[in-house]
Structures are given as structure tokens and as C-alpha cells.
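The values are calculated or read from the model by the stated rules, or taken from the named source; none is laboratory data. Being a predicted model, the structure only gives us computed values, none of them experimental. Cβ sites come from the backbone with ideal geometry, for glycine too, and all protein chains shown count toward neighbours.
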Amino acid sequence: MSADVRALRQSGREPPLPLRVVTADGPLVIDQWLRVLPGQRLVGAGEISGKRVLAKLFIAPRARQHWQREQQGLVALAKAAIPTPEIIASGEMAAGGHFLCTHYMEGARTLLQEWDEHAEAVQLSPTACDPGAVALLAQALSSIALLHRSGLIQTDLHMGNFLLHEGRLHVIDGDAIKVLNAGQPISAQQAEDNLAIFFAQLDAAWDAMLELLLIEYLRVNAERPLNPDRLLGQIKRVRRKRLDAWLAKAVRDCTHFQVEKHWSRFTAVVRQHATTLESLIAAPDQPFVTAPSLKDGGTSSVTLVEAGGRKLVVKRYNIKGFGHWLSRFWRPSRAWHSWLAGHRLQFQGIATPAPLAMIESRFGPLRRRSWLVNEFCPGRNLLELFGADGQRLPTEEESAALLRLLEQLRDARISHGDFKATNLLWHAGQVWLIDLDSMQTHDSEPDWQQAWTRDRARLVRNWPAGSPLADWLREHLTR
């Protein structure tokens, strides 16, 4: 079908297919959507003039500006001899808006797709120099160096904007290409600021390998001496900004999250699971009709359910009475707090069951009961794993995983608040954190140290004083 720009803006997240777009270069027929930003930009695969293309449709009210930047960025890349998809057609759509078509590279994969294949090894031990992961980073850094040497930067610098095709890495997303110093290398500080955007998306454990990884960059662009200390500071700053932006998205409707807000109800769900969880979200009390299978306490009840062939944990935060409600109604619910805490940990690469949905029962701005839906982690808690008598010490693998978790929490200045052994699960070579109701982040080192001392003491108290495990923990859980 054909559609004008107004209809495309109103089509939401499911534009029609196939879509016929009238252009001065002939009809553009799109048969597959690859990315949809409702009311803003549509990216799909299709054909124009007998050629297979990747098409971007710019449909926002100020579409012309984005279309021009996309085209100018791709032209700048081509002029600098940096591999990028060839422009096939570009211009105004007859029914409004603008389009740009580039050569469709059949079988191409983003660097992010390649990286995800190494995700397990990288997550478990990023400093173990997984050869595949290091090779991917080397390719990316060589490409970034080529950009910088040519006076260009990619302002949206992530692995999804590098496309691997027939052994060559291509830079995509011309809209994010900025010319700082055409034909001449950019300054060291400009390079460090741009590199920080890339490195900030890696697990913080990669920071220890920063100087080693920069060797790949310097092989291509050694025109300006880089300052690793300044770069590391910029990486940490960018990480904080990215985390804040991500947590803000977790409670508003966007590409990743589906959020609905009504007078009597607030729901947030990871969009890709929205259909599977639809009936559970509509009736979150249904799993509690029978006795909760995991916990039935005064302030919370926890049960196990199955949806879409996956085991899920539903936690209901109860209101015990009017006095309890008076202490809770004016602030975010514990489900809200745990929802954001879970996404914070996931974003920072700290193992925790994925938070999939959060529901608050409301009366206008006043909160009542709330529910949290997480993936189920089948691991054994540390009290079961090591035994209540404290006689068994961690194996080498268990020790490395536990100390890595604690290092991650220290780096992020996160305290758990209820750091008992039953809230730490051993699964798939990692120690997973659960029950995040009391989790906090700390802005100052003294606050963090005080909270860490409490967490450490709570964990050690799980085992008899003087037992081998208690002594081992006291020795290793320092700082």
C-alpha cells in the first residue's frame, strides 16, 4: 500500500507492509522493517530501480534536517575513504517527508551482533582476554582511529553502528557523523572524549585493559598523544550519564519499555515481553489465588509462575494496614525501587534476574499495592551451597565469582542492604543478587564504606564465628 507522511506518523510501531513510496527516482517498495522510531524515522529493506536497498524514511515534522545530516555524514565518510554503504537514491517523498537509500549489504552483521556471540565469556571474565572479544574491539578501535585521523567523529559511537561485511568494517548512521577538522586529525582531547563514548559501553572490568586496547587505535592514528588517565575519567563520566538516561527510560514509554499510566494503575514492561506477559500484567493477583510457592510474608508474597514457556517470579508488595499505607503512599513503591535497582545492576553488568515488569496500583498520585515480575534464577543460595556449618570453603571458580561481584559493587558504590547468604545465588559460574528492595547507591566514599561494613558483617553472620568459611570471608572481604 501507499502511505503519506501523516499516515506513517500515525502508524505507531507497526507501519504497513509492503509499503510503496513514490519518489523522483521511481517507486520505493519496502518489504521489511528493521527499526521503527514512531513518528520520527523508519528503517527498512526494500527495492528501488531494481536494486536491493536499505531505506531510511524521515517522517518527523523537522525531517529535512535529519535527512540532510544523514546524507552529509555518508558523503563525508566516502570522501575520507572510510568504508560506508553507497548512497543509491535520496530526496523528498512525493507524499511528504524525505528518504535515503543505501546499498543493502546482504549477510552483513553489526559488530554488536558479533559481540553478543562472545557475551557469555566476556561477562564471566572480561579480563581473561577472550580472543574473539579482543579482536572485535581491535576492529572497532581501528575504524574509530581512521575516523579521527580524517577529522571526523561518530557522536553515537556504539557497536551497532559498525557493520561487518565480507571481512570489512563499515561505518553507518551518517546522521551521527560530525566533521571537526576536515582532512586533518582531531585533537587529543576530542579523540579522548569520543573514545570515552565507546569504552563507556563496555563492562568496567575492561578499564584495566585500556592502555593495551589503545595500541590498536594508535597503530592507525598516532598523530596526537592520548592521556589514558583523562580518558578513564571521561569514561566514568559518560557511564554515569548513560546509566541515568537508561533508568529514566525504564519508567517512560520508549523503544525498549512499554509504559502505561492511568489514574488507578501504572505499568512498565520490557517491550519484547509485553505480549507474553499481557495476561499476568492484567491480573497480577491471579498467581496468588493459591498459596504462594516461595514466600508468604506480611509485607510481601512471592510465587513462581510460567509464561511463554519460561519460569518467572512474581513478588507482591502488600499493604498491612492503614498505618502502613500512610508510611508508603507518598513515595515510589518497593516494586518501583526494585525495578530500577534491577535495571541498574543489569546495565552495570552485575548478575541479577532480569526485571521484566512492574505494576503499581494507584489512586491518582497515591500508591497502593505493587507487583514485580522477574525472570527465575534456578541457582542455589550460598547458605545451601556452602552449608550452614561454614566448614566448606569456596572453590577457585566460586571464589573468583564472589570476589568479582563484590568488586563490581564496590566500583559502583552499591550496597545491598540485606546481604544475607539466601539473597546470593550461585548459577552458571556467577553469583547473582536477588531481593533488591533495600539496595542503595552512594555518592560519597564514607557513606559507601559504612554501608559496605554493614553488608559485609551481615554476610559473615550467616556462618558460625570461627568457622573456616567465616574466617575466609573476613580475610577476603576487605576494604
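Inside region 108-124, residues that are at pLDDT 90 or above and over 15 Å from Ile172 (Cβ atoms) make up a count of 0.
Taking Glu47, is it in contact with an Asp or Glu (Cβ under 9 Å, 6 or more places away or on another chain), within 23 Å of Ile177 (Cβ to Cβ) and acidic (Asp, Glu)?
No.
Looking across region 158-179, the residues that are closer than 15 Å to Leu74 by Cα and in a loop (DSSP other than H, G, I, E, B) come down to Ile172, Asp173. Hey, does region 82-89 have a residue that's touching a residue at least 60 places away in the same chain (Cβ under 8 Å) and farther than 18 Å from Lys178 by Cα? Taking every residue of region 82-89 in turn, at least one turns out to be touching a residue at least 60 places away in the same chain (Cβ under 8 Å) and farther than 18 Å from Lys178 by Cα. It is to be established whether one or more residues within region 458-471 are aliphatic (A, V, I, L, M), modelled with pLDDT under 95, at positive phi and not assigned by TED's automatic domain parsing to the domain that holds Pro287. There is no residue in region 458-471 that is aliphatic (A, V, I, L, M), modelled with pLDDT under 95, at positive phi and not assigned by TED's automatic domain parsing to the domain that holds Pro287. The one condition from (1) closer than 30 Å to Arg149 by Cβ; (2) assigned to a strand (DSSP E or B) that Leu34 does not meet is (1). Which members of region 333-372 meet the condition of being part of a strand (DSSP E or B) and more than 18 Å from the chain's Cα centre (by Cα)? Ile359, Glu360, Ser361, Arg362, Phe363, Leu366, Arg367, Arg368, Arg369, Ser370, Trp371, Leu372, listed by residue number. Of the residues making up region 253-267, just one is within 15 Å of Gln346 (Cβ to Cβ) and surrounded by 13 or more Cβ atoms within 10 Å (Cβ to Cβ), namely Phe257. The residues in region 422-478 that are buried (at least 17 other Cβ atoms within 10 Å of the Cβ) and over 30 Å from the mean Cα position of the chain (by Cα) can be counted, and the count is 8. Residue-level analysis places Trp432 outside the set of residues that are at pLDDT 95 or above, more than 24 Å from Ser333 (Cβ to Cβ), assigned to a strand (DSSP E or B) and aromatic (Phe, Trp, Tyr).
Candidates in region 268-279 are the residues that are surrounded by 20 or more Cβ atoms within 10 Å (Cβ to Cβ) and outside any strand (DSSP E or B); of these, the one that is nearest to the chain's Cα centre (by Cα) is His273.
Does Trp432 fit the bill of being more than 24 Å from Pro378 (Cα to Cα) and either outside the structural domain of Pro332 (by TED's automatic domain parsing) or not hydroxyl-bearing (Ser, Thr, Tyr) (or both)? Spelling it out, it is not the case that Trp432 is more than 24 Å from Pro378 (Cα to Cα) and either outside the structural domain of Pro332 (by TED's automatic domain parsing) or not hydroxyl-bearing (Ser, Thr, Tyr) (or both). Out of all the residues in region 226-245, is one or more touching a residue at least 40 places away in the same chain (Cβ under 8 Å) and assigned to a loop (DSSP other than H, G, I, E, B)? No: zero hits.
Within region 48-72, the set of residues being part of a helix (DSSP H, G or I), surrounded by fewer than 23 Cβ atoms within 10 Å (Cβ to Cβ) and of a type outside the set (S, T, N, Q) comprises Ala63, Arg64, His66, Arg69.
Among the residues of region 128-151, the ones that are buried (at least 22 other Cβ atoms within 10 Å of the Cβ) and charged (D, E, K, R) come to 0 in all. Checking each residue in region 306-327 for being crowded, with 20+ Cβ neighbours inside 10 Å and modelled with pLDDT under 90 picks out only Tyr317.
In region 106-129 there is no residue that is touching a residue at least 24 places away in the same chain (Cβ under 8 Å), part of a strand (DSSP E or B) and among the aliphatic types (A, V, I, L, M). Scanning region 354-407 for residues that are crowded, with 21+ Cβ neighbours inside 10 Å, within 30 Å of Arg252 (Cα to Cα) and of a type in the set (Phe, Trp, Tyr) yields a total of 1. Can you tell me which residue within region 213-252, out of those that are of a type in the set (Val, Ile, Thr) and more than 14 Å from Leu202 (Cβ to Cβ), is surrounded by the most Cβ atoms within 10 Å (Cβ to Cβ)? Within region 213-252, the match that is surrounded by the most Cβ atoms within 10 Å (Cβ to Cβ) is Val251.
Residues of region 280-289 being exposed (fewer than 15 other Cβ atoms within 10 Å of the Cβ) and touching a residue at least 12 places away in the same chain (Cβ under 8 Å), which ones?
Asp285
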